[in-house]
Structures are given as structure tokens and as C-alpha cells.
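Colleague: A single structure is presented below for examination.
The values are calculated or read from the model by the stated rules, or taken from the named source; none is laboratory data. Worth saying up front: this structure is predicted, and the values here are computed from it rather than measured. Note that we place each Cβ from the backbone using ideal geometry, even for glycine, and neighbour counts take in every protein chain shown.
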Amino acid sequence: MSLMAKVRLPYYTPVLLLTGLLLVLSEALVPGFLEPVNLSRFLFSALPMIFLAAGQTLVILGGGIDLSLGSLLTLTSVTMVVLFEKVDPVIATLGGVAAGAVGGAINGLSVAYLRLQPLVATFATSFLFGGVSLWLLPQPRGTVPQEVRGLADPLWFPLIPLLLLFGGWVLLRHTPRITLLYAAGGQARSAYASGVQVTKVRFGSYVGAGLLAALGAFFLLLETGTGDPLVGQPMLLGSITAVVLGGTRLSGGVGGIEGTIFGALLLVLFRNLVFFLGVPSDLQVLAEGIVVLLALAASGYALRREA
Amino acid sequence: MPTLGKAEPLLEVRGLVKRFGSTVALDGAALGLAKGEILGLVGANGSGKSTLIRAIAGIVLPDRGEIRWKGQAFRPRDPGAAWRAGIAVAHQETSLIPQLSLWENLTLPHRALGRPLPTLKEIQDLLASLGLGIPLETPVSRLSAAERQLAEVAKALLWRPELLILDEPTAALDREQVEALFSRVRDFVRRGGSCLFVSHRLGEVRSLCHRILILRAGRVVHEAEPTSSPEELLAHMAGRDVSPPPRSHGATVGGEVLRVENLWAPGVQGVSLEVHRGEVVGLGGLQGQGQRELLLALFGAIPWRGRLWLDGRPLFPSDPSEALRSGLALVSGDRQEMAFPPRSVEENLLAAAWPRFARWLGAWLQLDQARQEALNMAKSLDLVYGGLETPLANLSGGNQQKVFLGRALLVRPKVLLLDDPTVGVDPPTRATFYARVQELANRGLGILLYSSDEEELLRHAQRVLVMVRGQVVAILEGEKLTRERLLAASLGVRNEPYG
Amino acid sequence: MRPRVHLGSTGLLFLLCLLLLLAQGLVQPNFLTYAQVINLLKIAAVLGILTIGQTLVVLSGQEGVDLSIGAVATFGAVLVYNFSQGKNESFPIALGLALMAGLSLGSLNGVLVAYSRLPPLVATLGVGTLVQGLIVWLGGRERGAIPPILVDLVSTPWILGLPGILFLWILLALSVTWLLRRTYYGKALYALGSNRRAAYLSGIRPERYLIWTYALSGFFSALGGAILLGHVQVMHLTLGQAYTLPTVVAVVAGGTLLTGGVGSYWGSMAGALLITLLQSVLLTLRIEEFGRQIAFGVILLGLLAVYGREKGLRQ
């Protein structure tokens, strides 16, 4: 049994340490990184990935997986951009969030109620959402209204959603709803026999993921200021990697959003580092690909040995 | 139906039928349980016990029949309905979530169904009375098998149900733990509860229950008093009369074909044995004492230590591929690990034998030759089927087992390992199966047979090694191979506290 | 448990394709010319060849899917493009290199799937991303060219105006069918796919055959990429990307169960034809890219609903 298990440290200890290490490394290699301005900018840029990965965490905790989250993020961001041109910003944002919920519901319906195989089903819905995004916004365009973008001006802005997410999770972690999620993901048969409505719980996890993806889209819009129908798909693999790095098991029932937050930070830190170290652009993708693959492989291998 | 006195039964089951594919699990099962009663339900592996429980618990939807609870029709749409009705089940395969803590598991039904949680004191008192002194934050994955079983029972008791159903709750428990459990159950019943106790441990059933029902082939065939003898109960479980069965005539036994020394594996503690050509050696004892693990180890399917000689040559099969190539073949009664359901009978028969028909390093298979051998094998096994192309799933359970035997035989093994190959199979098919096995023994094969049915062992094996907790505690042969001695050795002194 | 029966026989599928073809002709009267049909067949052939690997992977069971096919195909094309430099003499070596690369990348998939608990979809997605990185790195550097012999083999008509690619497809189809029905590998693959535990107990080593399967998928993907290059005759870095999803749909439409162990390559061929025809119909109806994406998503969902539903918790 690992040292961590014996001493009962939280599951996200390794990723927390790694993130800290990389933060120090970043400061060392790129002096001034930890200055408030830069730190704020860094955290701000990480928000979309953090929220997307948080959504993925919910689904994975429940024993599923969602390959459409990248496209769903795209869809919600496109919805918001299109609506910004037409209605009040608040309504536009809510519209995007609603789109996220609807997309999540479609996923939940397919996987939880129709019992379609989650991997391929969400793979299919990713094309559905991607297609709708293209339809709504064939070309990158649109502007986010200034009053909305202005929200992000204060340096401390990124801290709010981060703390809300982290704190919210810590508070909710032991509520019945979330415990039932862990049960359904840990061993669905046993949970079912114990009276858990596994189908409902799983459906809820997909809808929750959609909502969080929508929030991620919102922060992305704050950053980029414009709409892009192809933005989300590359983030998908990153969301899964962040979850895995954060200590949540792909098989379900173990982990949580705290770890995912650190995992996402780790990933973005690494990306930043690669960029600032002046790695040529054509090697950047490769470098990240290698790291992602190594992380996945390591987690997969660790899973196998524990089982 | 037994007379129940004045009151209407608390739980009643009438004519329950349930099929899984080609297997009939319940064939018109019926029972009645009165309030305040501890009703025992006994039956062999594959008799339908668990299916019946799961139907009452709302996990399995019966095809036909009726369940009545407190005089009303009871059709649980999901397990939550059963819990809410006041029925709590401690399942044989525990319904605990390994990743969650003990406390989270114990309170799971309360949280899932919106009931107020039991107080910490209530939980701790209950756990203490069961002898379970574990911190509540411990993840269940770290609990031992015995602790998990007790936790499963505790979870059911914490619900404060009207009916407590215990499905094989004592398999991993020692004598003290069983006594503690029984006293809690009696206490529960004294305070107005009722209990359905399912087990194949006859001694325990006889000491705890007010009445015993025997389940066989999916229906209740007999009702007995707790004072009935174990032999009588066993006879009804197996479906034969009480007189001793005719012993099949053993063939002349040849030289040693398999020799095992000091085999250690998960569940096996240092077993040594020999099998001679022409001999059928049986592995006896209660279920789950390591017999299966021994066979799997010999086949290389689980890691093991020790020494093995096949036909005098030392061997160390580290996976089934090697074992098969060396001349060891395994037939298991667990169809889930044997069957290729959508594939044809032909493919299922030949699944392990392809290396014999492969030329050019596997790039060319002699399909016609293989097909002919498969056809011959099917014929010699008296297979009841619709042709080689029939999907295996269309065959009855017994015939599927014959196919697996055929698969093992097509590799031309020297030793045949049989892991409860006829569990849940109907008697006529069983007869043909063992007739063939006997023929094989006559032709010089060495056979190691584990059966959960003592009668089968007595009838077909010349020598029986009785296993308790992974060790061979007795070797019975010739005159000493009797039902009484087999039972006595199986029940052992340490394991079974009563009877 | 009774296995789900797939859409009748493969013959029915081919019939469906014929119907669709006729329907297309009705919608667009001057469509049904010999040249047009040949063109459709060419496109179907590219998809069909890329679906070989996917068929093998899905057959291997336990939700086996290869999402790196598009990337590996592109990478194969990149290698042929860059290393042949457009010269016929260098083509064989360049092709050999591409095939070796496909084999290796596929083996990487295989190792991940066999030895870690990663679902194949995630593993191959990861490898696919890695290959994208390789493509960007390698593809952006040198300038290459397409060797004429490749175009000759693939696009130029051989007999009866039928281009080489069609003959290649038939040849490959026969080879794959032989692989599946007449070799030990084929028997092992079907066994693995229908019950991995039973296959293990029947003397089949799962890891070995899994790795082989994904390696072969990579091999055929790279081959498909080279052929694709000879077909479109233009090189760009997203050459094979759009083919990944359609290969999955083709396999599922062709009657191969996602759970594995049931199916054949002929089914996938019919599936590839079906998809190509569908795409053509959609194009004719002036449905743009977004509509096609939505259509494929919905179609795949529909196929899953018919073929691929999992067992419920309630029995």
C-alpha cells in the first residue's frame, strides 16, 4: 500500500506537489512569473480549462466519460456570442448556460436512459454539437460587449470563480447528491441494490458537466473577446488529462474537483512553460502530446496494478 | 403451502418464474413467511436462491408469478421500492461500494431514499454487538471478507426493516462472529422483525431457523423442521433418495500422470496430490475452500508457487496457453468464463484446438479437417443441437457444458481439470456428461474433479481429497469413501459451529 | 443471453446501397453516369481501406475503437510526400517507411490498451494527438511532392475505366477476409472480442493479439493515407482527419458489434459504401458541412440505439 494511503493524505496530494513544483520552476525559468499581474493573467487563461475539466470530473466520478465537452464548450460560447448581438448580456449568458444544460441533457439521455455506450455516444454528440455551432456561427466573428469583458479587469478577478468552484465543491462533497454520484460511479450494481437511482444520478452528472462547460465558455469569451466555432475540440483531451492528473480514477468513484483544479493548472503551467522557453511552435504540439500521453499511460498503468 | 396459523403471511411468493436466456433460474418458486418467523431457505449452487432473493429485492423482474407483501401485491420497480416497503437485504455478493467509507456505505440507503440518518451511537452500538470494531472512515476496500459481510448485515439492520433477508451471510465468518450475528438476529426477531435466512450451511440453518424450505431447480420442493437430519436435507437438495448411490466401477489405474507438491496460491495453502492414469480424483469440501483456486492454479490461470510434474516431466504452467500446450485442460461450470455466446458451436468446440490445425506459423488453418473433428466430437458427446453453425447461446446450459468438455478434449490433454462442470445442469445431461468422463478415464486420462454436489463426488471419484480453508484435511478412498465421512470431513471441527 | 441480431445479412446492406444510389439518381437525373458512379466508388474505396483497421479493432472487443486512424493516415501521407520527394525510385522506400511508422504507432496504441486500464478510445485519442504533433513537426519542415507512380496506381484507370484503387480495395478485402477466417490470428481476434476471459482460458494470450490488432490498424491506416494522397493528389496537414468518425460509423453500420466478436469486413465495406452514398446525397441536397456533421452524429446515435445498448441494472 502506498505511503499516501497509510498516512491518509488527500488523494490530490501528488498533483498538488507537482503543481507547486512547476510553479517554482516557472518562476525560476521565467522570472517575474509569480508577480500579481502575470499570475492573474495565467490564472485567467486557465479558467476555461479548469471549468471544462471540472465538468468532466463529474461525469467520470459517476462512472462515465464525456467526449463531447469540447464541442459543448464551443456550442455554448457560440450561443452566447450570437445572443450578445441580440439581447441583454445577462440573458445572453444565461442562454449559453441553458444551451450547456440542454447539451448535457442530450448526453445524459443517450448514456443514462438509452444506455448507449458512453464513449461512442458522446463521440457522436460531439459532432452534433459541432455541427450546430458551425450552423450558428459559420465564421469566427462577433464581439463580446465591453461591459462584460470589463468584468475581468481587476487583477483579483480569476480568484473568484476559482475559490467559488473549490469552496463550493468542498461544501457539497459530502451532501447526499454527491455521495450518490460516487456510489453510482464506484460500483453501479451495488449502488442500485442499495436504493440509489443510478440512472438519474448519471443523467445529472452529464447535465452538470454541460453547465460547467458553459461557464468555461463564458470565461473563454472574456479572454478572447470573439466567437470561434472550432475552439473547443482541442480542449477535450486536455480536460481528460487534467482529471486523470488530479487523481480522479477513470473507472469512477474516486477523486474530486479539487484534484482536477490542480491538474488543469498543471497542464496550463506546462503549456506556458513550453511556450516561454521558446520551444519552436511545430514542436509545441508534439511536446504537449507526449506529456499528455505519458500522464494517461501512467495513470492507466497505476490503475491496473491497484485492481 | 405450509399452514401459517391465523395471521396472513407477511411475505408470500407464488409461482415465480424467471429465465435468463436459455437458463431457467426460477421455475414456479413459492413460499410464505409469517411475521416473527425466521425462515430458512437452503439449496445447492444453481438452485435459484439468489434469483429469488433478488426478485424480492427488486433487482430482478420475474417473468411470471406474484409476490405479496402484507397482503398486497408487491411489484418493486427498483430496489428502492423494496427498501421503502421495509425489506432490507444483505446480499451474498455484498452491495457495498469499495471506494466509499464504511459510514457512507452503512448510510447509503438512508441517503438514497431520503430517510433521516441513524445516529452515530446507534451505528457504533450495532457494530460493537457484531464484533466489528473498525473506524467508520475506513474505505470498505480495506476491509477483510469477514468484515465486509458483517458490514453488509449491519447496513440492512440499520434500516430497521420489517423483514431482514440474509443471503449466505456467514461464508467468511468464524464461530464467534456467527454466534454474535445469530444473537443479533434473534434479538431483531424478538422485537417484532422477521427474517429470511438463506444458506447452504445446514448446521447453521438448523440452529437458527423455525422452519426450513428446500429449493431445487428453481422451486421449493420440501419443507422441513429444524430437527431434520443434515442427510435428509442434503438428499432433498440433490434430488435423490437417501440410500447410498451405486458406485461407478473404477478402471484399472495406471502410472502417475500428474504430481503436485506444496502448491501455494491465493486460497490454497500448501496442497500436494497425485493423479494416476485412469483415475478420477475428486476435490471435496464445502464451497469456497480453495478447490476452484487449486484447479485454476494448475491451469496457470492464477499465480502460484510449488512444483508440478506432468507425465514425469517438471512443468510450470504460467498461463493457460502453456498449460494447454503441455497437456492440461480445464472445463469450468461457470459459463460466463467459458462461453463465446454469439459464436457457433463449431467455433466454441475448436476454440482451444486451433494450434493443432495451424500451418505456416498460423497463417493457414485446415478448416475442413477441424470441422470434421468438431462434428465427430459433437456426436460422441451426444450433443443436442441444431448443427455446427448454431450459435452457442441457443443451446441449453447442459449442452453448453458438453461443448466446453469437447473443447478441452479436442486439445488431446493428458489431464482433465473439471471445476464444478455440471452445476445447475439437469440430471439426464449430467449423466451423459459423466458417462463420457468415465470413458475418458478408462482410456487413460487423469481426471481431477471438483463438484459442489457431494453425491457426484461419491459416485464418480475413486479418491476424494477434502479441502477446508485451502488445505487438504482428509483423503477418502475405497471403504472410507462414504457420505458420512465426507460430510464430517467437510464440516470440519473449526469451521462449522453447529451440527 | 441472446446476441443482438444485426441488420440482416450483408447482402441486405448492399441492397440498401443500391436503393440509395437509385434515389440519388432520381433527385439528380444526370447523376447516374458511369463516371459519376466510378467517382463515388473511388471515394468509398478510400474510406473502405481506412476502415480495415477500425474493423479489426472493434472486433477485438471491450469497446475497442481506434481514433488515431485519421492522424496516422495523414502521417503516412506526410512520410510518403516528404521522403519520396516526388521521385518514383524513392517511392517504395518512402512507402515502406510510412507502413513501418503506421505499424509502430499502432503498436503504441496496442501496448497502452493491453497494459493499462485506459479505455481504447482515450488511449487512441491520446496517441492521435501525439501523431498530430508529429505531423506538424515533420510536415511543416520540408517540401515534398507526390510520386507519379502513386497517382498511376490509384487514380489512373486500369481496365474498363476502373481506377487502380478499386482493384486495390478488392485485393485488400480478400486479404483481410482471409486474415479473419483462415488464420489463427482471426480466430483469436473473434474469441477475444466475444469473451476475453474465455479466450484467455482457451489458450489465447490477450496482450499479444491486442497489440497485433492495433498495430495492423496503424499499418492499414498508413497505407490508406498513402492511397488517399494518390487520390486527392494534394497534400495538406489535415488530409485524413475527416475520415476518423466515418470509419466508426461504417463499422457499426456494417453490423460489427461494438462489444466485439461479431462482424466481418464485408459488412464494413457495405457500411463505407453506405456512408459515401449518404454524404453524396447530402451534398446534392445542398447541405453544407455543418449539416453533414449533425447528420453523422445523429446517424451514429441512431445506430447505437439499435445495435449498441448496454445491459440495464435491472434484469
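Colleague: Looking at (1) buried (at least 24 other Cβ atoms within 10 Å of the Cβ); (2) at the interface with chain B (Cβ under 9 Å from one of its Cβ atoms); (3) on the phi < 0 side of the Ramachandran plot, can you tell me which one A:R189 breaks?
Modeller: It fails just one condition, (1).
Colleague: When region B:102-123 is examined, which residues are found to be buried (at least 19 other Cβ atoms within 10 Å of the Cβ) and within 7 Å of chain A (Cβ to nearest Cβ)?
Modeller: B:E104, B:L108, B:P109, B:R111, B:A112
Colleague: Give the residue that is farthest from the other protein chains (Cβ to nearest Cβ), with candidates limited to residues of region B:36-94 that are farther than 21 Å from B:L213 by Cα and of a type in the set (S, T, N, Q).
Modeller: The residue in question is B:Q72.
Colleague: From (1) on the phi > 0 side of the Ramachandran plot; (2) within 14 Å of chain A (Cβ to nearest Cβ), pick out the condition that doesn't hold for C:G263.
Modeller: If we test C:G263 against (1) on the phi > 0 side of the Ramachandran plot; (2) within 14 Å of chain A (Cβ to nearest Cβ), just (2) comes out false.
Colleague: Quick test for you: out of C:L125, C:L174, pick the one residue that is within 14 Å of chain A (Cβ to nearest Cβ), free of Cβ contacts under 8 Å to residues at least 60 places away in the same chain and closer than 25 Å to C:L67 by Cα. Give the steps one after another, and end with the answer.
Modeller: On the way: C:L174 fails: within 14 Å of chain A (Cβ to nearest Cβ).
Residue meeting the stated conditions: C:L125.
Colleague: If you take just the helices (runs of 4 or more DSSP H) that sit entirely in region A:167-281, which of them hold at least 2 residues that are within 24 Å of A:L23 (Cβ to Cβ)? Break it down into steps so the answer makes sense when it comes.
Modeller: Details: elements: A:176-186, A:188-193, A:198-224, A:235-245, A:257-276.
The helices (runs of 4 or more DSSP H) meeting that bar are A:198-224, A:235-245, A:257-276.
Colleague: State the number of residues belonging to region A:124-146 that are part of a helix (DSSP H, G or I), more than 7 Å from every other protein chain (Cβ to nearest Cβ) and touching a residue at least 12 places away in the same chain (Cβ under 8 Å). Even if it seems obvious, please write down each step before you answer.
Modeller: The initial filter retains those residues of region A:124-146 that are part of a helix (DSSP H, G or I), namely A:124-136, A:146.
Checking which are more than 7 Å from every other protein chain (Cβ to nearest Cβ) leaves us with A:126, A:129, A:133, A:136, A:146.
Now narrow it down to the ones that are touching a residue at least 12 places away in the same chain (Cβ under 8 Å): A:126, A:129, A:133, A:136.
Qualifying residue count for the region: 4.
Colleague: Within the bounds of region A:97-107, is there any residue that is surrounded by 24 or more Cβ atoms within 10 Å (Cβ to Cβ), at pLDDT 90 or above and within 13 Å of chain C (Cβ to nearest Cβ)? Steps first, please.
Modeller: Just the residues of region A:97-107 that are surrounded by 24 or more Cβ atoms within 10 Å (Cβ to Cβ), to begin with: A:99-100, A:103-104, A:107.
If we keep only those that are at pLDDT 90 or above as well, we get A:99-100, A:103-104, A:107.
From what's left, within 13 Å of chain C (Cβ to nearest Cβ): A:103, A:107.
Yes: region A:97-107 contains one or more residues that are surrounded by 24 or more Cβ atoms within 10 Å (Cβ to Cβ), at pLDDT 90 or above and within 13 Å of chain C (Cβ to nearest Cβ).
Colleague: Now for a separate question. Which count do you get for residues in region C:198-212 that are facing chain B (nearest Cβ under 9 Å) and either surrounded by 19 or more Cβ atoms within 10 Å (Cβ to Cβ) or farther than 22 Å from C:D66 by Cα (or both)?
Modeller: The initial filter retains those residues of region C:198-212 that are facing chain B (nearest Cβ under 9 Å), namely C:198-205.
From the residues that got through so far, the ones that are either surrounded by 19 or more Cβ atoms within 10 Å (Cβ to Cβ) or farther than 22 Å from C:D66 by Cα (or both) too are C:198-204.
Residues in region C:198-212 being facing chain B (nearest Cβ under 9 Å) and either surrounded by 19 or more Cβ atoms within 10 Å (Cβ to Cβ) or farther than 22 Å from C:D66 by Cα (or both): 7 in total.
Colleague: So B:P341 ticks every box in (1) crowded, with 20+ Cβ neighbours inside 10 Å; (2) touching a residue at least 24 places away in the same chain (Cβ under 8 Å); (3) more than 10 Å from chain C (Cβ to nearest Cβ); (4) within 20 Å of B:L409 (Cα to Cα) but one. Which box is left unticked?
Modeller: (3) is the only condition that B:P341 fails.
Residue-wise test of (1) within 24 Å of B:A112 (Cα to Cα); (2) aliphatic (A, V, I, L, M); (3) modelled with pLDDT of 95 or more; (4) not in a strand (DSSP E or B).
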residue: B:A146; (1), (2), (3), (4): no, yes, no, yes
residue: B:P169; (1), (2), (3), (4): yes, no, no, yes
residue: B:Q177; (1), (2), (3), (4): no, no, no, yes
residue: B:A180; (1), (2), (3), (4): no, yes, no, yes
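Colleague: What's the total number of residues in region C:292-315 that are more than 7 Å from every other protein chain (Cβ to nearest Cβ) and either of a type in the set (K, R) or more than 18 Å from the chain's Cα centre (by Cα) (or both)? Reasoning before the result, please.
Modeller: Filtering region C:292-315 for residues more than 7 Å from every other protein chain (Cβ to nearest Cβ) gives C:292, C:295, C:299, C:302-303, C:306-307, C:311.
So of that shortlist, the ones also either of a type in the set (K, R) or more than 18 Å from the chain's Cα centre (by Cα) (or both) come out as C:292, C:295, C:302, C:306-307, C:311.
Residues flagged as more than 7 Å from every other protein chain (Cβ to nearest Cβ) and either of a type in the set (K, R) or more than 18 Å from the chain's Cα centre (by Cα) (or both) within region C:292-315 amount to 6.
Colleague: Quick check on this structure: which one of B:L26, B:L52 is touching a Leu at 6+ places or on another chain (Cβ under 7 Å), buried (at least 24 other Cβ atoms within 10 Å of the Cβ) and within 21 Å of A:G195 (Cβ to Cβ)? Outline the logic, then answer.
Modeller: Numbers: B:L26 fails: within 21 Å of A:G195 (Cβ to Cβ).
One residue alone meets the criteria, B:L52.
Condition check ((1) of a type in the set (A, V, I, L, M); (2) out of contact with any Leu (no Cβ under 6 Å at 6 or more places or on another chain); (3) surrounded by 15 or more Cβ atoms within 10 Å (Cβ to Cβ); (4) within 11 Å of chain C (Cβ to nearest Cβ)) across all residues:
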{"site": "B:D311", "(1), (2), (3), (4)": "no, yes, yes, no"}
{"site": "B:F316", "(1), (2), (3), (4)": "no, yes, no, no"}
{"site": "B:A323", "(1), (2), (3), (4)": "yes, yes, yes, yes"}
{"site": "B:A353", "(1), (2), (3), (4)": "yes, no, yes, yes"}
{"site": "B:W360", "(1), (2), (3), (4)": "no, yes, no, yes"}
{"site": "B:A363", "(1), (2), (3), (4)": "yes, yes, no, yes"}
{"site": "B:G387", "(1), (2), (3), (4)": "no, yes, no, no"}
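Colleague: Return the only residue of A:L221, A:L250, A:L267 being at pLDDT below 95, under 10 Å from A:M49 (Cα atoms) and either within 14 Å of chain B (Cβ to nearest Cβ) or surrounded by 24 or more Cβ atoms within 10 Å (Cβ to Cβ) (or both). Steps first, please.
Modeller: On the way: A:L221 fails: under 10 Å from A:M49 (Cα atoms); A:L250 fails: under 10 Å from A:M49 (Cα atoms).
Exactly one of A:L221, A:L250, A:L267 is at pLDDT below 95, under 10 Å from A:M49 (Cα atoms) and either within 14 Å of chain B (Cβ to nearest Cβ) or surrounded by 24 or more Cβ atoms within 10 Å (Cβ to Cβ) (or both), namely A:L267.
Colleague: Kindly evaluate A:T226 against the criterion of being of a type outside the set (A, V, I, L, M), surrounded by fewer than 24 Cβ atoms within 10 Å (Cβ to Cβ), over 26 Å from A:I160 (Cα atoms) and touching a residue at least 40 places away in the same chain (Cβ under 8 Å).
Modeller: Details: of a type outside the set (A, V, I, L, M): yes; surrounded by fewer than 24 Cβ atoms within 10 Å (Cβ to Cβ): yes; over 26 Å from A:I160 (Cα atoms): no; touching a residue at least 40 places away in the same chain (Cβ under 8 Å): yes.
Considered against the rule, which asks whether it is of a type outside the set (A, V, I, L, M), surrounded by fewer than 24 Cβ atoms within 10 Å (Cβ to Cβ), over 26 Å from A:I160 (Cα atoms) and touching a residue at least 40 places away in the same chain (Cβ under 8 Å), A:T226 comes out as no.
Colleague: Go through region B:421-457 and give me each residue that's within 15 Å of B:V281 (Cα to Cα), of a type outside the set (F, W, Y) and in a helix (DSSP H, G or I).
Modeller: Start the filter on region B:421-457 by keeping residues that are within 15 Å of B:V281 (Cα to Cα), which leaves B:421, B:434, B:437-442, B:444-457.
Those left that are additionally of a type outside the set (F, W, Y): B:421, B:437-442, B:444-449, B:451-457.
B:V437, B:Q438, B:E439, B:L440, B:A441, B:N442, B:E454, B:E455, B:E456, B:L457, listed by residue number.
Colleague: For region C:95-122, enumerate the residues that are touching a helix residue (DSSP H, G or I) at 6+ places or on another chain (Cβ under 6 Å), assigned to a helix (DSSP H, G or I), among the hydroxyl-bearing types (S, T, Y) and within 9 Å of another protein chain (Cβ to nearest Cβ).
Modeller: none
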